[in-house]
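Below: the structure, in structure tokens.
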Amino acid sequence: MVASAHPLGSLVGVNVLQQGGSAMDAAVAMAAVHNVVNPAMIGIGGDTFLLYYSAKERRVIGLNASGRSAHAATIAEYRARGHESAPVNGPLAVTVPGALDGWARALASHGTMALGDILEPAIRYAEEGVPVNLDLVDYYEHARARAVTDFPNFIATYFVNGRPPGLGEILVQKNLAETFRTIARDGSGALYHGMIGEKIIAALGDLRGLMTMRDLADHTSEWVEPITTEYRGLAVHEFPPNSQGIALLEQLNILEGFDLASMARESPERIHLQVEAARLAFRDLEACVTDPQRARIPVAEMLGKTHARELRERIKPDRASTGMTRGSGLGENTAYFAVVDHDGNLASFMGSLRNPFGSGVVAGDTGILLHNRGRDFSLDPANVNRLEPHKRPRHTLNPVIVTKDGRPYLAIGCVGGHQQTQALQQVLVNHLEDRLGIQEAIEAPRWALTEDGALHVERELQSAIPGLEARGHRVVVGQTNFGGCHAVMIDPVTLALFGGSEPRLSGAAIGY
């Protein structure tokens, strides 16, 4: 079974599984296809994070395929160019794209199919074209609002007849198809050491970027140990820093001390506790999380039950706290997919360009859109997540795997930037406390904290607004994104498979 935000991506994943491929084969094939059908969100110009339950090894492992800043990137250089904060668009927003190296390493360790075969569906869709769906139409509006359409090659690559395509129009990406053919023939080295990389560096150089071939050549993806907490008898495995995943585990640790199941799911009493748990976790995230190779991050202390109890005691049942929301905006900036194969391997896989259409920089005639993950650095020298040469920024991507008694139970993830851990918290609480099926848990109405401290709620939660406002929450109805979750679940008794797909997006869960 697979679940993703685009039906064609899900279909390709199932096809790979039916051919005998592993969960990793299917996940990488889905990533490549999403690069074509949802080019605003994911691609080889971005990053990848994945968790993988290996049935053979009976354990969860992680792969960090996020890139670093240029060796020449310094706060002084950015300030000399007139920037008071990290740029959102353009060449200085670009960090090394780590995704392709991650795909190759993932397949080398846990795949059964050749990269060339994996890329065939993506090549065909890029060559022949795909219909634009409603999600992508919305992302074009985001792109125009951020002026990324002003960069060279963007219009030639992503417009149809000189304008943004409408719903159902066919988007053809022949340059990307040719790039995938080169990678199928020459491997990922074509980007990090070869001609494709040279075109990336040339495109950035034309815009006064700082990245060089040395930066690409120095990139390495890394296998990492997940971080884990226990919640209601289940082990929730998250991605370690530089990911924001620790914030989800802190939220669950805090909430574990409350009898949430005794409270109505949409009551102000329960929503208030969940929101306050998120605020407290975000404060820790902002203070502590960055590239772990550049700072000591007290992961064990942050995940300790003693720390959770201390945070829980700060929550006042009748009063909202202030000043604890992380200073980073929401955004639909990611693609997530979950896969389980015939051997019981489980892939929880995320790829991202950061904001819709990333930095706006298309690398020459490669069809590769470069991400803007560098915008997540701080230019404050005192900030733990400050810009430094050859450093990974704090990252929003946080795929999740849940196990029960050491066996795989659930792969789940959520798109939406800062909303990711908030939505995951809500879906997991809906499922584990209220016993909702995974699809019903995903469909349930949500709330979202935004960077200005406001609490946004979907219209279905309007009955809770008076109680939330009485507690001091500044409530707004709608006006933001509420995340996009997808999941696959294995029943621990019958081994039946269940899929969940986000109705707020255009995806699908498919099994056989």
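The values are calculated or read from the model by the stated rules, or taken from the named source; none is laboratory data. Just so we're clear, the structure is a prediction, and the values are computed from it rather than from any experiment. Neighbour counts are summed over all protein chains in view; Cβ atoms, including those assigned to glycine, are modelled from backbone coordinates with ideal geometry.
Numbers for the structure displayed
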| read-out | value |
| --- | --- |
| Residue match in region 464-484 (condition: within 23 Å of HIS6 (Cβ to Cβ), assigned to a strand (DSSP E or B) and under 23 Å from the mean Cα position of the chain (by Cα)) | yes |
| Residue identified as more than 25 Å from PHE498 (Cβ to Cβ), surrounded by 23 or more Cβ atoms within 10 Å (Cβ to Cβ) and not polar (S, T, N, Q) among ALA411, ALA448 | ALA448 |
| Selection from region 62-76 of residues that are outside any loop (DSSP other than H, G, I, E, B) and out of contact with any Leu (no Cβ under 7 Å at 6 or more places or on another chain) | ASN64, ALA65, ALA76 |
| Residues of region 255-307 classified as within 15 Å of LEU468 (Cα to Cα) and assigned to a loop (DSSP other than H, G, I, E, B), total | 5 |
| Tally, over region 397-423, of residues that are within 14 Å of THR48 (Cα to Cα) and of a type in the set (Ser, Thr, Tyr) | 0 |
| Filter pass, THR421 being part of a helix (DSSP H, G or I), hydroxyl-bearing (Ser, Thr, Tyr) and out of contact with any Asp or Glu (no Cβ under 8 Å at 6 or more places or on another chain) | yes |
| Hits in region 20-55 (condition: farther than 21 Å from GLU502 by Cα and either free of Cβ contacts under 8 Å to residues at least 12 places away in the same chain or among the β-branched types (Val, Ile, Thr) (or both)) | ILE44 |
| Meets criteria (of a type in the set (A, V, I, L, M, F, W, C) and within 30 Å of TYR158 (Cα to Cα)) for PHE337 | yes |
| Test for VAL130: is it buried (at least 20 other Cβ atoms within 10 Å of the Cβ), under 25 Å from the mean Cα position of the chain (by Cα) and farther than 23 Å from THR95 by Cβ | yes |
| Residue within region 103-117 that is part of a helix (DSSP H, G or I), in contact with a Ser or Thr (Cβ under 7 Å, 6 or more places away or on another chain) and at pLDDT below 95 present | no |
| Search result, residues across region 321-341 that are at pLDDT below 95 and either part of a loop (DSSP other than H, G, I, E, B) or within 17 Å of LEU252 (Cα to Cα) (or both) | SER321, THR322, GLY323, MET324, THR325, ARG326, GLY327, SER328, GLY329, GLY331, GLU332, ASN333 |
| Members of region 451-463 found to be crowded, with 18+ Cβ neighbours inside 10 Å and either at positive phi or under 25 Å from the mean Cα position of the chain (by Cα) (or both), listed by number | LEU455, HIS456, VAL457 |
| Odd one out for ASP218 among (1) of a type in the set (D, E, K, R); (2) within 24 Å of the chain's Cα centre (by Cα); (3) under 20 Å from ALA32 (Cα atoms) | (3) |
| Residue count for region 344-356, restricted to those that are more than 12 Å from VAL94 (Cα to Cα) and part of a loop (DSSP other than H, G, I, E, B) | 3 |
| Matching residues, region 1-56, being surrounded by fewer than 24 Cβ atoms within 10 Å (Cβ to Cβ) and assigned to a helix (DSSP H, G or I) | PRO7, LEU8, LEU11, VAL14, ASN15, LEU17, GLN18 |
| Filter pass, ASP434 being closer than 27 Å to PRO152 by Cα, of a type in the set (D, E, K, R) and in contact (Cβ under 8 Å) with a residue 24 or more places away in the chain | no |
| So GLY413, is it of a type in the set (Gly, Ala, Ser), in contact with a Leu (Cβ under 8 Å, 6 or more places away or on another chain) and not in a helix (DSSP H, G or I) | yes |
| Pairs, first closer than 13 Å to ALA281 by Cα in region 301-318, second assigned to a loop (DSSP other than H, G, I, E, B) and not acidic (Asp, Glu), C-beta under 8 Å, six or more apart | ALA308/GLY257; ARG309/GLY257; ARG312/GLY257; ARG312/PHE258; ARG314/SER321; ILE315/SER321 |
| Given (1) in a loop (DSSP other than H, G, I, E, B); (2) modelled with pLDDT under 95, number of the condition ALA448 does not satisfy | (1) |
| Total residues in region 485-499, condition part of a strand (DSSP E or B) and surrounded by fewer than 20 Cβ atoms within 10 Å (Cβ to Cβ) | 2 |
| Residue list for region 151-188, filter: among the charged types (D, E, K, R) and either at pLDDT 95 or above or surrounded by 15 or more Cβ atoms within 10 Å (Cβ to Cβ) (or both) | GLU169, LYS174, GLU178, ARG181, ARG185, ASP186 |
| Count - residues of region 362-384 that are within 20 Å of the chain's Cα centre (by Cα) and either surrounded by 24 or more Cβ atoms within 10 Å (Cβ to Cβ) or in a loop (DSSP other than H, G, I, E, B) (or both) | 8 |
| Close pairs from region 133-148: first at positive phi, partner at pLDDT 90 or above, Cβ under 8 Å, at least 6 apart | ALA147/ASN89; ALA147/GLY360 |
| Residue in region 225-233 that is of a type outside the set (Asp, Glu), within 25 Å of the chain's Cα centre (by Cα) and assigned to a loop (DSSP other than H, G, I, E, B) present | yes |
| Where VAL427 falls short, out of the listed (1) more than 17 Å from the chain's Cα centre (by Cα); (2) of a type in the set (Val, Ile, Thr); (3) not in a loop (DSSP other than H, G, I, E, B) | (1) |
| Listing of helices (runs of 4 or more DSSP H) fully contained in region 120-223 that carry 3 or more residues being under 22 Å from MET30 (Cβ atoms) and either in contact with a Phe, Trp or Tyr (Cβ under 6 Å, 6 or more places away or on another chain) or β-branched (Val, Ile, Thr) (or both) | 174-186 |
